[in-house]
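Peer 1: Structure provided below as structure tokens; questions to follow.
The values are calculated or read from the model by the stated rules, or taken from the named source; none is laboratory data. Just so you know, these numbers come straight off a predicted model, no measurement behind them. Methodologically, a virtual Cβ is constructed for each residue, glycine included, from the backbone with ideal geometry; neighbour enumeration extends over all protein chains shown.
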Amino acid sequence: MSTPTPFQPDVFPIPDNLVQTLAQAEKVVVFTGAGVSAESGISTFRDGNTGLWTRYSAHDLATPAAFKANPSMVWGWYEWRRAGVLNAHPNPAHQAIARLQEHFRDFALITQNVDDLHERAGSIGVTHLHGRLERARCFACLHPFQHPDGIPDIPEGGCEMQPPRCSRCDGNVRPGVVWFGEALPQPDWEHAMDMADQCDVLFSVGTSSLVYPAAALPQRALAHGATVVQVNPLPTPLDGTATFNLHGPAGVVLPAVVAALQAARA
Ligand code: BV8
Ligand code: ZN
């Protein structure tokens with residue numbers, strides 16, 4: 001069996017027919033998961049946890065039951081992640097997506113991620129299907145909580161941290177994210193479905209395509225005849241149906257897509 005060609009760090013071939021399709025597209029959706037932040041040093045759900053969290057899977061901690069059972073363990077995990085995001089920077093994938101937005105009349109960025117790296121790369125109007133780390137609210141009465149400025153001082157491997165108390169009812173403050181078993185914010189989910197149903201091209205970038213209902217978006221796009229382009233170094237359940245599978249890191253593939261589109265439109 002021939003050895004796979006080593007991945008050339010600065011070149012990724014974009015198929016001509018994909019470039020032509022993109023050059024004629026009017027409505028484009030980019031749908032992202034944790035993999036788009038991997039090259040910023042943010043571990044994905046699949047990578048598993050490190051430090052104190054090594055023995056926990058994200059799925060064990062990202063639930064209301066886990067928070068009720070051990071609020072300090074779960075709040076500590078989210079503060080550790082929030083500090084990681086505050087210390088991270090957008091990578092070329094986030095920057096390429098922000099540039100892609102300028103090329104299309106009708107563009108939607110729908111993310112499963114709870115970090116703000118898309119916004120910090122210059123993307124506007126980002127739809128967060130699973131909430132946002134920088135937001136928090138009371139678990140009991142939903143009263144919003146404003147994180148103090150600055151980066152929380154967390155020891156290397158993370159630690160348990162007592163969640164703040166709600167200023168209105170003294171309940172525990174929780175992260176402003178959607179946990180497993182919780183409904184997605186209805187207006188954001190409706191918008192995401194509408195965009196997937198109307199688009200000419202949908203990019204699915206850096207997601208294992210395993211978490212629903214978000215993972216249904218590429219199938220919705222395919223169902224009405226859109227071109228679906230998957231960007232992921234590894235295969236996912238979407239490989240069998242995606243129109244194009246670009247198997248490489250988003251931080252290399254997406255800049256190559258933008259460069260090819262610019263060349264086609266020059
Ligand atoms: C709900 C926020 C109902 C928290 C997250 C069918 C229909 C509906 C629901 C279900 C269903 N079947 C099962 C369910 C339940 C569940 C579910 O889907 N479970 C899975 C595990 C089977 N879904 C839910 O619970 C959802 N809620 O349905 O509620 C309801 C309705 C009404 C009323 C009440 C309830 C809620 C799901 C949201 C959970 N919250 N995040 C937090 O961040 O802590 S999910 C979380 O994991 C992420 O947000 C993401 O969405 C998901 C998967 O992560 P990915 O982003 O895909 O990342 P992952 O690590 O998995 O993969 C990374 C990928 O990147 C890999 O493929 C890797 O190869 C690739 N990669 C790595 N490096 C790079 C790269 N790609 C590109 N470049 C690189 N450099
Ligand atoms: Zn409260």
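Peer 1: Here's a check for you: in region 105-119, which residue that is at pLDDT 95 or above and assigned to a loop (DSSP other than H, G, I, E, B) is nearest to Met193 (Cα to Cα)?
Peer 2: Within region 105-119, the subset at pLDDT 95 or above is 106-119.
Okay, now just the ones that are also assigned to a loop (DSSP other than H, G, I, E, B), so 112-116.
Values: Gln112: 14, Asn113: 17, Val114: 19, Asp115: 21, Asp116: 22 Å.
The residue in question is Gln112.
Peer 1: To continue, here is another question. Testing Leu142 on (1) away from ligand 2 (no atom under 16 Å from the Cβ); (2) surrounded by fewer than 21 Cβ atoms within 10 Å (Cβ to Cβ); (3) in a loop (DSSP other than H, G, I, E, B), one condition comes back false. Which one is that?
Peer 2: (1)
Peer 1: Based on what the data block shows, is Trp189 aromatic (Phe, Trp, Tyr), surrounded by fewer than 20 Cβ atoms within 10 Å (Cβ to Cβ) and assigned to a helix (DSSP H, G or I)? Don't jump to the end; show me each part of the working.
Peer 2: On the way: aromatic (Phe, Trp, Tyr): yes; surrounded by fewer than 20 Cβ atoms within 10 Å (Cβ to Cβ): yes; assigned to a helix (DSSP H, G or I): yes.
Yes, satisfied.
Peer 1: Still on this structure: Ala25 versus (1) in contact with a strand residue (DSSP E or B) (Cβ under 6 Å, 6 or more places away or on another chain); (2) within 30 Å of Gly171 (Cβ to Cβ); (3) not charged (D, E, K, R): which is the lone unmet condition?
Peer 2: (2)
Peer 1: If you don't mind, there's one more thing I want to ask. Every residue in region 72-104 that is outside any helix (DSSP H, G or I) and either within 30 Å of Tyr56 (Cα to Cα) or within 12 Å of ligand 1 (Cβ to nearest atom) (or both), please.
Peer 2: Of all residues in region 72-104, those outside any helix (DSSP H, G or I) come to 88-91, 102-104.
If the condition is that a residue be outside any helix (DSSP H, G or I) and either within 30 Å of Tyr56 (Cα to Cα) or within 12 Å of ligand 1 (Cβ to nearest atom) (or both), then Ala88, His89, Pro90, Asn91 are the ones that fit.
Peer 1: In region 163-178, which residue that is more than 10 Å from ligand 1 (Cβ to nearest atom) and within 16 Å of Met73 (Cβ to Cβ) is surrounded by the most Cβ atoms within 10 Å (Cβ to Cβ)?
Peer 2: By that ranking, first place goes to Arg174.
Peer 1: Then there is this: Look at Gly181 and say whether it is in a loop (DSSP other than H, G, I, E, B), away from ligand 1 (no atom under 15 Å from the Cβ) and surrounded by fewer than 14 Cβ atoms within 10 Å (Cβ to Cβ). Even if it seems obvious, please write down each step before you answer.
Peer 2: Numbers: in a loop (DSSP other than H, G, I, E, B): yes; away from ligand 1 (no atom under 15 Å from the Cβ): no; surrounded by fewer than 14 Cβ atoms within 10 Å (Cβ to Cβ): yes.
The answer is no for Gly181.
Peer 1: Ok, one more. Of the residues Gly181, Gly150, which single one is over 23 Å from Ala98 (Cβ atoms), more than 16 Å from ligand 2 (Cβ to nearest atom) and touching a residue at least 60 places away in the same chain (Cβ under 8 Å)? Step through it out loud before you land on a result.
Peer 2: Details: Gly150 fails: touching a residue at least 60 places away in the same chain (Cβ under 8 Å).
Just a single option satisfies the conditions, and that option is Gly181.
Peer 1: In region 24-63, which residues are assigned to a loop (DSSP other than H, G, I, E, B), within 6 Å of ligand 1 (Cβ to nearest atom), of a type outside the set (A, V, I, L, M) and more than 12 Å from the chain's Cα centre (by Cα)?
Peer 2: Across region 24-63, the qualifying residue is only Arg46.
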